[in-house]
Structure formats: structure tokens, C-alpha cells
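J.: The structure that follows is given in the form of C-alpha cells.
The values are calculated or read from the model by the stated rules, or taken from the named source; none is laboratory data. Everything quoted here is computed from the prediction, not taken from an experiment. For neighbour counting, all protein chains shown are included, and Cβ atoms are generated from backbone atoms with ideal geometry for every residue, glycine included.
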Amino acid sequence: MDLFSNLSLGFATAASPENLLFCLIGVILGTLIGVLPGIGATATIAMLLPITFQLEPVSSLIMLAGIYYGAQYGGSTTAILINMPGESSSAVTAIDGYQLARQGKAGTALAVAALGSFFAGTVATVLVAVFAPPLTVIALKFGAAEYFALMLLGLVSAIALAHGSILKALAMVVLGLLLGVVGTDIYTGTPRFTFGITAFADGLSFVALAVGLFGVAEILRNLEGEQDRTILGAKLGSLFPSKADLKAMVAPMLRGTALGSAFGILPGGGAVLASFASYTMEKRLSAHPEEFGKGAIAGVAGPESANNAGAQTSFIPLLTLGIPANPVMALMVGAMIIQGIVPGPNVATDQPALFWGIIASMWIGNLMLIVLNLPLIGVWVKLLKVPYHVLFPIIMAFCSIGVYSVNSNVYDLYAVAGFGLLGYILLKLRCEPAPLLLGFVLGPLLEENLRRAMILGRGDPTVFLTRPISATLLALTVIVLVVVLMPSVGKKRAEVFTESD
Amino acid sequence: MGSINRADLAAGLVFVIIGAVFGLTSLGLDMGSTLRMGPGYFPMLLSVLLVLLGGAICFNSFRQMHIAVEPYAWRGMVFILGAPVFFGLTVRGLGFVPSIFLTTLLAAFAGLKLRPLQAALLAVAVTLFCTLVFSIALGLPFRRFGPWLSVVGV
């Protein structure tokens, strides 16, 4: 089996001392920001992108991936201990996890969350390893028309899974696409929308956009109402779950993992939706649904497994097709491009060490997280006490340095302020920033493939419909769009997301 | 009925305006043909789409419940947005060390909870940390003290 030789190559790459170190740094940073309020994985990865340019491509991607799943772990810690999810995907964990903590079983809840996450992470890593290679084979057969159709499908499904109004999310995607085309036209060399500023000729800075939209805008929103958080004073209790607890968590963990793995591949907030779906499912299947909301173990184990599995499998579309499933994956695309790697099916064949190294590092990272989180939980709890008004000046300093160090361009700093303002206004107008970032990343690719497909099809737009794969993908796109715009589905969506807020 | 969702109305208008600006600018670019699309073709398509979507959002806003918009963080906007701009304006002239100190201090004033002395201490700590990590350990090519200071004679 190729799988084993591939995986051993991966583990050999990921287990080199320096890659282990960067993986460790990544998961520690990830846990840190997952625990700290007001700064998410997206903003942190955006801020740290410039620093990782100095590293080898493998090391930098391993570290960034570590931040991502580390944040999922850290987010559940705050969800359980202070009923405030550090990441949106742990919002569900807060429901029953916090109740368990109030009953003096915080330790159990944390252990169940960590074990569930670890199990899900392990299974999902294997799934990535098994399914990624055959998908790259299919992806290699894709032409311009197929890529265009696939990206369209990706963007539309991302909207379907986003919060809030569909129309607004669509408009945000289009706005992102438009911002993405700013810069020099690749075919003719004509500058577009640069308003005479030569600094914008290479396009708007991706790092500035991400930091502005996800970092600065979020700080502004948090400054509206400065509040102090109350941390549960109660003791953690035993970290080791009892036999009864273990028994109660096995089935939800298995179901959560399966659900999460499937949702993670879908574009959009896969991990978030997976944890909600898992919670709903566990409540339906439970013999004691009345326990949910009052500290049910299944209500922690299921969603935690689901969101971690989802976080992991969202790497599949990135590694095989080069198409990001969520904002963090969009940042990974940015990181790969800056490192000179074109994300897509060729990565697996051209750079096997990189491809398999990242996959292997996911498992190693998950192992580190469980070792890091359970014994060191006391340290993380102390960090929860850092007040927000101390944090945001530090975040702003790091943002400024990070953005400036990309290419020592002061215009990028002005762009951060501009995007921060735009992001804040859009947040106030209840427009989610995630679709905009996805659009921004995919904008140039979408345009290039559209133009190439039209040239190959001799200017006949039916080229998208006569090729079977492209036609299928476009049909799926239309179906998704019609389904989400149906009033009855809209109502259901609204219900799911109100629960989450 | 009869009420207006102002947030949606404003959002729709923002999209229409941005779409219109991009659309009008695209007019100055070569459209090309469907066979060989020029630099203006794709942006024009998107601009029209954005204006239409913005219009639809505006239209829908007249049939929805009114949702109150929370107050804006004006103080935060001034200091938080000012911080990276200030860093951009001064990092070359003042140099990295004084610039990051003042940037952190500026950002700290966005909140009301930190007293001036605490803010200054925080800024000193951040400056020390950043200088050690970014300038010395990572070796990023920043000038630590810039030309403006040598003119003054420090």
C-alpha cells in the first residue's frame, strides 16, 4: 500500500526536530489565542503570516496548522470554564460544559472535550490521508471550466453555511471578488482600480485585509461594551472521567467524529455547523434528552469531536483542489502562495514531503495538545484572567509590525486601518466578513479560469455546460442557491443560527 | 409591517455605492469580447452584480422588523485605527523602537480602563519584547532609531 510509505515519509518530515518545535509553537500559540478573548484563529494566523516567511515552507505551514487546531482546543477550555466560547465552533460546548463546571465537574468536562477532540483528530487525519490522494487524481483532470464551476460551487456553499442573510453574504462575496481583482491585469498588464497608487499595482495586501477585517474590526466591536469576565472560582475537580462518564462519551464521540468529518469537507463554517448538528443529533438520540442543557456528557463529547474532526478534514479541499473551505484555509492558501507553492492537486506529486508532512503533523499536533492541555490546564486558567484592556494594545502592536514586515510597505499599514474601518462598518450592518475573505482569495483565480475557459471554448459560454463535470458542478451550485433561498429553509437556518448566538 | 430595517438599508446602499464606483471605473478599462475578455470584463460583471444585490437588500429592508443598532465605538475608532497609521508614518523617520512604543501607547488609550502610568508601563514592556523578538532574534530589517532623532540630537 502506498498509504504507508506516504505516511512514513510524512512522519519522517514532521518528526524532524525543527518541525516538531514549530508544531509545538503553533499549538501553544493556538491554545493561547483560543483561551484569550477577542482574538480568533483567523486574526492570529493573519498576523503571524509575515513571520513565517522566514521559515521553510513545511515548517511554516505546520506551525500555521498547529495554531488552527490549537485554537479549537483552547476555545473549548473557555467555553467550559467561563461559558464564553473562545472560538465560534465551541459555542455548543459552552451549553453543557459550563453546567458540568458549575456542578464541580469542570475537570471531567475538560477531559471529555480533550479526549473526544483527540480521538476525532486521529480519525480525521487518517481520513485526510486516505481520501486526499484519489481526489488529487480527479482534480488533475480538471480544466479551466471545471475549476471555475468548482469555485462557484465553493463560494455559494460557503454562503449557505454562513450566518445571517443570504443576500448580504452573496454581496460580501462579490465585494471580496472585486477587491481581489484590484491590481495589474495578468493578461494585458493594465493597472486596475489602483487610483494611481503604485503600491497597489501588485494587488491589495492579503495580510492587511485579513488583519483589518478579522483583527482590528473585532477589537473595535469588543470596545463597544468593555466588560469584565467572571471566572468560575470552583475547583476543577478530578481530571479523570469515571467509568460511567467514559461509557457515556463513546457513542457520541464516534457519531460526532463521523458527522464532523463529513461537514468539514463542505465549504463554509464546516466545523461550526458540525458541532451544532452533533448536539442536535445527540439530544434526539439520547435516552435522557432532559439532561441536555443541564450538564450532559454527551453534549460535550459529541460536538467537541465533531468540531475537531471538521477542522481537520477542511484541509482536504485545500490540499487536493487548492480551494479554501473557510477563512483560515484561505489564509493557508495565502501562505502557500507567498512561499511559492501553488495550492492544488500538484502539491501531492511535486512536493510529497510537504503534503504528507502537514498531514502527519496534524496527528502529532493533536497528541501534543492533549499532553499540553490536561496537565497544564491550571496555566491556561490563569491566562483567562488577563484583562482585555491590556490585550488589545499588544494585539495592535503585533498587527502593525506583522503587516509592515511583509514587504516594508507603509501603504499596507494604511490599508489595515481602511479595512478595519470597512470591516467594523460591515459588522455593524450585520454583514459577516468571512465570505468577503473567501471571495478576495478566489477572485483572481476565478477570473483567470473564466477567461481561460472562454478562450478554450472559442468564446462560447456553453462550454461550461457541455463538459460533464463542469455542468454537474454548476447544476449543484444552482441547487444549493435555490435551496437556501427557499423561504422554509431560510426559517430553519435562522433557527439554527439564533441558537448559536 | 411598514417598518424599516435600517442596518439592512444602509448595508444595501453601501454595496450599491461600492458597486457603482467599481463599475464606473471599469468603464475606463478595455472590455474585450466574450472570446478574449479584456481587463474590464470581469470587474464590470461583478460591479453590476453587486449593485443588483445591494438594490435587493435595500428593497427587502422595507419589509422587515426594525433592529436597533448599538452605539459606535468612536473613541476606539480614533485610537485603534490611528495606531497602524501612526506606525506607518513614523517607523522610518523615528525608527522602530520609539515608533512601536508610541503606537502601543496610542492603542492603549482606546479603552478607558488603563491609567496613563499603566499604559506607559505596558508600552515599555511591549517595546522591549518586540525589539528583542522581531529586531534582534528574527533579524527583521528595521532601523531601531531613525533619522528624525539624529536631527534633534538625541
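J.: Could you figure out which of (1) within 25 Å of A:SER278 (Cα to Cα); (2) of a type in the set (A, V, I, L, M, F, W, C); (3) surrounded by fewer than 24 Cβ atoms within 10 Å (Cβ to Cβ); (4) touching a Gly at 6+ places or on another chain (Cβ under 8 Å) isn't true of A:ILE370?
T.: (4)
J.: Something else about it: Scanning the stretch A:181-211 for residues that are in a helix (DSSP H, G or I) and surrounded by 22 or more Cβ atoms within 10 Å (Cβ to Cβ), which turns out farthest from the other protein chains (Cβ to nearest Cβ)?
T.: A:PHE206
J.: Same structure again: Looking at (1) at the interface with chain A (Cβ under 7 Å from one of its Cβ atoms); (2) within 29 Å of A:GLY196 (Cβ to Cβ); (3) outside any loop (DSSP other than H, G, I, E, B), which one does B:PRO39 not meet, given that it meets all the others?
T.: (3)
J.: A further question on this structure: Could you tell me whether the stretch B:15-29 includes any residue that is touching a Leu at 6+ places or on another chain (Cβ under 7 Å), within 7 Å of chain A (Cβ to nearest Cβ), touching a residue at least 40 places away in the same chain (Cβ under 8 Å) and not in a loop (DSSP other than H, G, I, E, B)?
T.: There is at least one residue in the stretch B:15-29 that is touching a Leu at 6+ places or on another chain (Cβ under 7 Å), within 7 Å of chain A (Cβ to nearest Cβ), touching a residue at least 40 places away in the same chain (Cβ under 8 Å) and not in a loop (DSSP other than H, G, I, E, B).
J.: Take the stretch B:124-134 and flag every residue that is under 25 Å from the mean Cα position of the chain (by Cα) and at pLDDT below 85.
T.: The answer is B:PHE134, and nothing else.
J.: Still on this model: Between B:VAL78, B:VAL51, B:VAL69, B:VAL91, which is at pLDDT 85 or above, in contact with a helix residue (DSSP H, G or I) (Cβ under 6 Å, 6 or more places away or on another chain) and over 30 Å from B:GLY139 (Cβ atoms)?
T.: Answer to the check: B:VAL51.
J.: I'm trying to understand the selection: among the residues of the stretch A:16-40, which are under 24 Å from the mean Cα position of the chain (by Cα) and outside any helix (DSSP H, G or I)?
T.: A:LEU36, A:PRO37, A:GLY38, A:ILE39, A:GLY40
J.: From the residues in the stretch A:390-408 that are closer than 21 Å to A:ASP202 by Cβ and more than 8 Å from every other protein chain (Cβ to nearest Cβ), which one is surrounded by the fewest Cβ atoms within 10 Å (Cβ to Cβ)?
T.: A:ASN407
J.: Here's something else I'd like to know. Is it true that B:ALA137 is at pLDDT below 80 and either within 22 Å of the chain's Cα centre (by Cα) or small (Gly, Ala, Ser) (or both)?
T.: yes
J.: Further question on the same structure: Given the condition within 30 Å of A:ILE186 (Cα to Cα), assigned to a helix (DSSP H, G or I) and not acidic (Asp, Glu), answer yes or no: does some residue in the stretch B:56-79 qualify?
T.: Checking the stretch B:56-79: not a single residue is within 30 Å of A:ILE186 (Cα to Cα), assigned to a helix (DSSP H, G or I) and not acidic (Asp, Glu).
For every residue, the table says whether it meets (1) in contact (Cβ under 8 Å) with a residue 24 or more places away in the chain; (2) within 14 Å of another protein chain (Cβ to nearest Cβ); (3) not in a loop (DSSP other than H, G, I, E, B).
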{"site": "A:PHE118", "(1), (2), (3)": "yes, no, yes"}
{"site": "A:VAL126", "(1), (2), (3)": "no, no, yes"}
{"site": "A:LEU153", "(1), (2), (3)": "yes, no, yes"}
{"site": "A:LEU179", "(1), (2), (3)": "yes, yes, yes"}
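J.: Can you find, within the stretch A:409-442, the residue that is nearest to A:GLN339 (Cα to Cα) among those that are facing another protein chain (nearest Cβ under 7 Å) and either in a loop (DSSP other than H, G, I, E, B) or out of contact with any helix residue (DSSP H, G or I) (no Cβ under 8 Å at 6 or more places or on another chain) (or both)?
T.: Here the residue is A:CYS431.
J.: State which residue pairs qualify: first residue among the polar types (S, T, N, Q) and inside the stretch A:436-464, second residue in a loop (DSSP other than H, G, I, E, B) in any location, beta carbons under 6 Å apart, and separation of 6 or more residues or different chains.
T.: If the second residue must be in a loop (DSSP other than H, G, I, E, B), no pairs are left.
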